[in-house]
1. Could you work out the helix-only [θ] at 222 nm for the chain, with each DSSP H run of four or more residues adding -39,500 (n - 2.57) and the total divided by the number of residues, to the nearest 500 deg cm²/dmol?
2. Can you list the trypsin sites (Lys or Arg not before Pro) in the stretch 35-67 that are in a DSSP coil and have 16 or fewer other beta carbons within 10 angstrom?
3. Could you state the angle between the C-alpha long axis of helix 105-119 and the longest principal axis of the C-alpha atoms of the chain, as a value from 0 to 90 degrees rounded to the nearest 10?
4. Taking loop as defined by DSSP and a crowding limit of 15 other beta carbons within 10 Å, which GluC sites (Glu not before Pro) in the stretch 77-155 fit?
5. Measuring with a 1.4 Å probe in the full set of protein chains, what accessible area per residue, in whole Å², belongs to the chain?
6. May I ask for the distance between the Cα centers of the stretch 113-136 and the stretch 31-110, given as a whole number of Å?
7. How big is D, in µm² s⁻¹, for the chain by Stokes-Einstein at 20 °C and 1.002 mPa s if Rh is the Kirkwood radius over C-alpha pairs?
8. Length gain on complete extension for the stretch Asp16 to Ala160, per 0.36 nm per residue less the alpha carbon to alpha carbon distance?
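The values are calculated or read from the model by the stated rules, or taken from the named source; none is laboratory data. Worth saying up front: this structure is predicted, and the values here are computed from it rather than measured. With ideal geometry, Cβ positions are generated from the backbone for all residues, glycine too; neighbour counts draw on all protein chains shown. To get the accessible areas, we keep the full protein, side chains included, count just its heavy atoms, and leave off ligands, DNA and RNA. Shrake-Rupley method; radii C 1.70, N 1.55, O 1.52, S 1.80 Å.
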Amino acid sequence: MSHAPFLVASLDATYDRKAFHSGSVPLDRYFHEQVTQDVRRRVTACFVALTEEQRIAGYYTLASASLLLNDLPDGMSRRLPRYPSVPTVRMGQLAVDQKFKGQGLGGALLADALNRVISAEIAAYALMVEAKDESSAAFYKHHGFIALPDSPLVLFLPLAGMSHSS
């Protein structure tokens, strides 16, 4: 078990993805078989947490998305312009290798994603996720995400007022 800090970088073809195993078959399959095609097609960006030995300890993906204004809680939608939807960034995947679970890496990857989104020069109202299950939803709620009223597994974190940390 490594307690060294991780370096988060864009996924590179030189990193060994096959050694990564989160324990979630869909997340592992996506990372092993699909992510590089999605990156090449510019439908997602993938970032990996690397150990000093360049082993992938975790990953997440980001892509542009939107939320319908009518799907947001009433108190929040009233304060926004009357566009049909608001721009967001979607965290499509977030996974930690089983050997690195319990070290806070999931939260650190989430913080890294938030920092990237907040510091981007393209506006986004929120970071959103579609949780795979209630346990995943609880993780995001713990980090301040809000569930959509009619879709409890779709959560978002408004970005207004947040500043990025270096």
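1. Details: 5 runs with 39 residues, N = 166.
It comes out at -6000 deg cm²/dmol, rounded to the nearest 500.
2. Details: sites: Arg40, Arg41, Arg42, Arg55; in loops: Arg41, Arg42, Arg55.
Hits after loop and neighbour filter: Arg41, Arg42.
3. 50
4. In loop regions of the stretch 77-155 (DSSP not H, G, I, E or B), the sparsely surrounded GluC sites (Glu not before Pro) are Glu121.
5. Numbers: 9440 Å² over 166 residues.
Accessible surface, normalised per residue, equals 57 Å².
6. Cα centres, the stretch 113-136 to the stretch 31-110: 6 Å.
7. Working: Rh = 16.6 Å.
Reported coefficient: 129 µm²/s.
8. Values: separation 144, 0.36 × 144 = 51.84 nm, distance 3.69 nm.
Computed gain between Asp16 and Ala160 is 48.2 nm.
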